[in-house]
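To start, the structure itself, in structure tokens.
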Amino acid sequence: MTVTVPGASILEVRHLGKEYAQTSRFGRSEFRVQAFEKVNLAIHDGLTLAIVGESGAGKSSLARCLALLERPSCGEIYIESKSVLDLTQDELVPIRRRIQLIFQDPTSALNPRLSAAEIISEPLLIQRIETKKQQRDQALELMRLVGLSPDASPKRPLEFSGGQRQRIAIARALALEPKILVLDEALSSLDRANQEHILLLLSNLQAERSLTYVHISHDLELVARIADTVAVMRSGQIVEHKDANELFARPEHSYTRQLLHAMQPMETILLDRSA
Amino acid sequence: MLKHRRKLVAGAILLAGFHVAVLLAGFFAPYGYATQNREMPYMPPSGLHLVDAQGKVHLRPFVYGWRDDGSGALKLDSTQSYPVHFFVQGWPYNVGGLVHSRMHLFGVAEPGRVCLLGTDGFGRDQFSRFLYGGQVSLLAGLIAAALSVSLGVLVGALAGFYGGWIDETLMRCGELFLALPWLYLLFAVRAAMPLQITQWQVFLLLVSVLGLIGWARPARLVRGIVLSAKERNFVVAARGFGASNGYLIRRHVMPQASGVALTQVTLLIPQYVLAEVTLTFLGLGVSEPMPSWGSLLSALQQYYVLSSYWWMFLPAALLIPLFLAYYLAADALQEHWKPVSL
Amino acid sequence: MHAAVLLAAISLLSFALVQLAPGDFFDQMRMNPRVSASTVEGLRAEYGLDRSFAVRYALWLRSAIHGEFGISLAYNTPVGSLLFPRARNTLLLTATSTLLAWLLAIPIGVWSATNRRHLSRRSSELVASTLLTVPELLLFLCILLFAARSGWFPSGGMYSVGSEDSAAFQRLKDLAWHLFLPSLGLALACLPALIRHVRSAMIEVLDSPFIRAARSHGVPRPRLLFRFALPVAANSLISLAGFSVATMLSSSLLVEVILSWPGLGPLLVEATLNKDVYVVIGTVMFSAVFLIVGNLVADVLLFAVDPRIRVE
């Protein structure tokens with residue numbers, strides 16, 4: 001079920017699928033898992049798409065494919081109307097600046113041996129943007145942006161709290177000035193207070209920089225507050241994909257209704273949204 | 001953490017002391033390693049005394065001379081005493097072929113001899129030979145260990161990072177090498193070497209073979225680390241920034257492995273030193289006149305030496321603190337470098 | 001089974017290594033001005049040393065299948081006839097030592113694992129560490145000295161001179177008397193590593209939930225250790241046993257030389273000094289076979305002991 005919205009989309013995928021196979025020593029596949037298939041999505045500049053579903057529905061896999069961290073088995077991905085899957089690794093390098101991923105667990109996403117400044121400036125280092133000094137200054141600026149004190153820049157991830165580590169991860173993701181951020185359950189590992197802070201940060205950033213977000217989440221309450229469009233995933237397939245208001249008001253698919261049923265009553269959701 | 005610090009420091013001090021003494025063997029040794037004294041074969045260690053036969057206390061330690069008591073055997077002669085002087089001029093030597101000197105830490109005037117570990121069948125001072133022998137044996141161990149671990153790190157990194165058939169083939173090779181009884185293989189290679197080659201060539205060949213045999217275990221360990229490091233999210237993230245494989249290996253994966261690599265080197269050095277000593281002991285390592293700890297001990301294969309001249313065991317006994325130091329250091333390193341996980 | 005492939009690879013490897021050498025057995029003869037060059041060449045041709053590598057390997061393989069493994073250049077007999085009795089002796093020594101080592105390692109390891117909080121643990125750790133750092137060379141030499149000085153045990157050989165005439169039982173006693181010190185030495189050399197492994201395996205098992213549950217049920221200590229913990233630990237210990245065979249084999253070479261036990265060790269040393277190539281290769285092969293068989297036995301034992309593996 002595709003949603004057609006007038007105007008070019010900044011990120012579009014068609015018929016995307018990913019299969020994991022564990023091959024035996026002699027090349028015969030023993031074990032095949034279809035993470036997701038037949039996924040069609042389109043998202044427009046400056047909006048937030050939320051992909052919801054239970055754990056294990058293939059959402060993380062989809063997130064990684066979108067962020068070009070894994071290669072899908074089939075389908076096409078268009079970033080700013082350019083087909084990216086047929087590019088070589090070298091050609092992809094500039095494209096990677098447009099889209100970045102925030103991981104669920106910030107601790108594992110940061111190299112424990114590096115300092116915060118080194119972590120944040122790493123994308124600049126890899127893409128060889130600016131001089132070492134400028135990279136460092138940029139890192140400090142980004143820290144300020146996400147609400148961290150630049151004095152903490154020489155500290156290692158161990159010395160920060162969970163919420164702060166996620167901020168570092170966000171700062172790092174912003175280093176290359178992407179247009180699209182994919183957040184793979186980025187808030188799930190945080191407590192309520194931290195979630196609120198990060199959400200505020202994210203919405204400010206979106207407003208300032210006209211960012212596009214793809215939120216992967218199993219938390220419908222969260223999604224209800226922030227999403228413009230919602231795609232519901234079940235067992236690796238998108239079962240419903242429409243404007244958020246529409247979805248919450250008039251869920252079509254039975255699975256969507258099941259999900260919503262487990263949440264708070266409709267009225268409060270709609271009330272939250274209109275606020 | 002504190003306990004490991006102490007272990008590491010103790011080990012490091014012992015090691016440093018040993019290695020410095022061996023490196024500057026010329027300085028610490030009163031005699032050259034080949035200086036023979038046919039009149040004094042198999043002499044027990046010269047005791048250092050502070051109180052002489054008359055009961056007088058001297059500040060400067062001295063050794064007694066030796067005198068033929070008429071039956072051909074030498075006896076300790078307490079009428080002749082030779083004071084030990086420090087920083088004396090003696091045999092010329094060089095350090096690494098660069099620094100030439102005649103200065104020794106201690107010595108006695110001729111015809112006195114100060115042999116702290118006794119002498120061997122040719123009257124050569126065992127203490128000096130121990131220090132010089134250390135140059136050969138320790139160097140062999142160090143080079144071989146460095147070689148093994150370097151090779152192991154290379155193979156392990158390649159196998160772990162690229163996976164697939166590269167991994168399969170490399171690990172199978174590793175299994176092959178682990179299955180080899182290495183001492184036997186060493187002999188096979190030694191058998192292959194012609195008898196008429198220079199000692200340096202023997203030394204280098206031995207060291208290279210030792211190094212080449214032992215890569216399998218470090219490789220396996222490094223591979224494990226690389227495998228787990230490869231999947232860590234921060235490596236995936238770096239890939240997302242457009243990092244090349246080389247960068248990933250260099251910046252993120254290898255530092256995780258460096259701890260293991262260093263520990264492996266520390267563990268392997270004593271093993272390889274022992275291998276060289278064993279080989280030379282059996283007459284298959286470096287040969288005379290190049291000294292090695294093995295050649296110091298090889299005389300013990302003769303029964304009468306074994307049962308009568310106890311000081312010939314001393315070089316072997318001195319190996320114990322050396323190995324202890326290495327194992328201490330390795331233990332401490334292993335504790336210190338447990339994989340960093342949050 | 002890839003053991004066969006492994007063996008073939010080892011044989012090829014050792015063959016290649018030895019043949020790569022520029023010199024050969026007849027070097028000494030060549031140096032002797034009284035022996036003419038043609039004699040040397042003739043001898044070489046007789047022993048097939050002038051053929052190409054591939055041909056020699058093929059010939060050797062064929063000889064191996066017949067149990068001959070080439071000809072010893074020094075003894076002028078088939079290598080096999082030299083190897084088999086020696087191999088048997090080494091096997092005897094290694095087997096006895098393994099048994100002895102494990103018999104000692106298990107109680108000591110278990111004991112040190114269970115007395116973790118007592119001073120006894122520190123002392124046993126200390127003993128194990130010291131034993132670990134003593135070079136085997138020194139250990140074996142001390143044993144030799146002990147044998148020579150005390151006279152309680154023979155300092156070499158496998159049988160006393162003139163024992164061929166004694167009755168079978170006497171011969172057995174004689175053998176055991178000669179076997180004791182070498183196997184003790186070998187066992188002691190490998191003991192510290194074994195103790196360490198037994199201890200860590202036991203500690204790991206003792207920490208697991210099901211042991212704690214059994215303890216809370218009031219199962220008495222000895223029963224807990226031997227009927228519950230040990231069988232589980234046996235899994236990792238048996239796979240270790242396979243590896244310990246390798247180290248024991250390398251150490252056995254030294255023991256055999258120093259204590260004059262007529263096994264593969266002294267043969268190899270002599271052959272290396274003489275550059276008796278086929279003997280060298282044969283010995284290496286045999287030792288590799290021991291290793292592989294040792295690992296196989298460990299695998300079989302593991303299979304028998306651990307029900308989980310049978311299910312896979």
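Structural remarks
- Set side by side, the residues C:254, C:249, C:264, C:259 differ, and just one is in contact (Cβ under 8 Å) with a residue 60 or more places away in the chain, within 13 Å of chain B (Cβ to nearest Cβ) and in contact with a Lys or Arg (Cβ under 8 Å, 6 or more places away or on another chain), which is C:264.
- With a requirement of 3 or more residues that are surrounded by 14 or more Cβ atoms within 10 Å (Cβ to Cβ), modelled with pLDDT of 75 or more and within 33 Å of the chain's Cα centre (by Cα), the strands (runs of 3 or more DSSP E) lying completely within the range B:37-149 that satisfy it span B:57-68, B:85-95, B:99-107.
- Residues that are facing chain B (nearest Cβ under 9 Å) and among the small types (Gly, Ala, Ser) were ranked within the range C:267-293; the one that is nearest to the chain's Cα centre (by Cα) is C:287.
- Number of the condition not met by residue C:252 [criteria: (1) assigned to a helix (DSSP H, G or I); (2) on the phi > 0 side of the Ramachandran plot]: (2)
- Identity of the residue in the range B:240-253, more than 15 Å from residue B:153 (Cα to Cα) and at the interface with chain A (Cβ under 7 Å from one of its Cβ atoms), that ends up surrounded by the fewest Cβ atoms within 10 Å (Cβ to Cβ): B:247
- The range B:155-172, subset hydrophobic (A, V, I, L, M, F, W, C) and without any contact (Cβ under 8 Å) to a residue 24 or more places away in the chain, residue surrounded by the most Cβ atoms within 10 Å (Cβ to Cβ): B:158
- Among the residues of the range A:143-160, those identified as within 21 Å of residue A:190 (Cα to Cα), touching a residue at least 12 places away in the same chain (Cβ under 8 Å) and either among the hydroxyl-bearing types (Ser, Thr, Tyr) or not in a loop (DSSP other than H, G, I, E, B) (or both) are A:143, A:145, A:152, A:157, A:158.
- Those strands (runs of 3 or more DSSP E) of the range A:1-53 in which at least 3 residues are at pLDDT below 85 and away from chain B (no Cβ under 14 Å), considering only elements entirely within it, cover A:29-43.
- Single unsatisfied condition, residue A:248 versus (1) buried (at least 18 other Cβ atoms within 10 Å of the Cβ); (2) over 29 Å from residue A:72 (Cα atoms); (3) at pLDDT 85 or above: (3)
- Only a single item in (1) crowded, with 20+ Cβ neighbours inside 10 Å; (2) within 21 Å of the chain's Cα centre (by Cα); (3) at pLDDT 85 or above is not met by residue B:237, and it is number (2).
- Selection count, the range B:216-257, where residues are closer than 18 Å to residue B:151 by Cα and touching a residue at least 40 places away in the same chain (Cβ under 8 Å): 17
- The single condition among (1) in contact (Cβ under 8 Å) with a residue 24 or more places away in the chain; (2) at the interface with chain C (Cβ under 9 Å from one of its Cβ atoms) that residue B:297 does not meet is (1).
- Any hit, the range B:332-342, residues being within 10 Å of chain C (Cβ to nearest Cβ) and in a helix (DSSP H, G or I): no
- From C:293, C:269, residue being surrounded by fewer than 24 Cβ atoms within 10 Å (Cβ to Cβ), without any contact (Cβ under 8 Å) to a residue 24 or more places away in the chain and under 15 Å from residue B:188 (Cα atoms): C:269
- The range A:78-94, subset buried (at least 16 other Cβ atoms within 10 Å of the Cβ) and within 14 Å of another protein chain (Cβ to nearest Cβ), residue farthest from residue A:215 (Cα to Cα): A:93
- Residue among B:292, B:287, B:307 that alone is more than 8 Å from every other protein chain (Cβ to nearest Cβ) and surrounded by fewer than 22 Cβ atoms within 10 Å (Cβ to Cβ): B:287
- Complete set of residues in the range A:111-141 that are within 14 Å of chain B (Cβ to nearest Cβ), in a helix (DSSP H, G or I) and among the aliphatic types (A, V, I, L, M): A:116, A:119, A:120, A:124, A:125, A:126, A:139
- Residue check for residue B:114: without any contact (Cβ under 8 Å) to a residue 60 or more places away in the chain and touching a Phe, Trp or Tyr at 6+ places or on another chain (Cβ under 9 Å): no
- Annotation note: of B:209, B:236, B:222, B:189, the sole residue that is closer than 30 Å to residue B:15 by Cβ and more than 14 Å from chain C (Cβ to nearest Cβ) is B:222.
- Just one of (1) in contact (Cβ under 8 Å) with a residue 60 or more places away in the chain; (2) charged (D, E, K, R); (3) assigned to a loop (DSSP other than H, G, I, E, B) fails for residue B:288. It is (1).
The values are calculated or read from the model by the stated rules, or taken from the named source; none is laboratory data. Everything quoted here is computed from the prediction, not taken from an experiment. With ideal geometry, Cβ positions are generated from the backbone for all residues, glycine too; neighbour counts draw on all protein chains shown.
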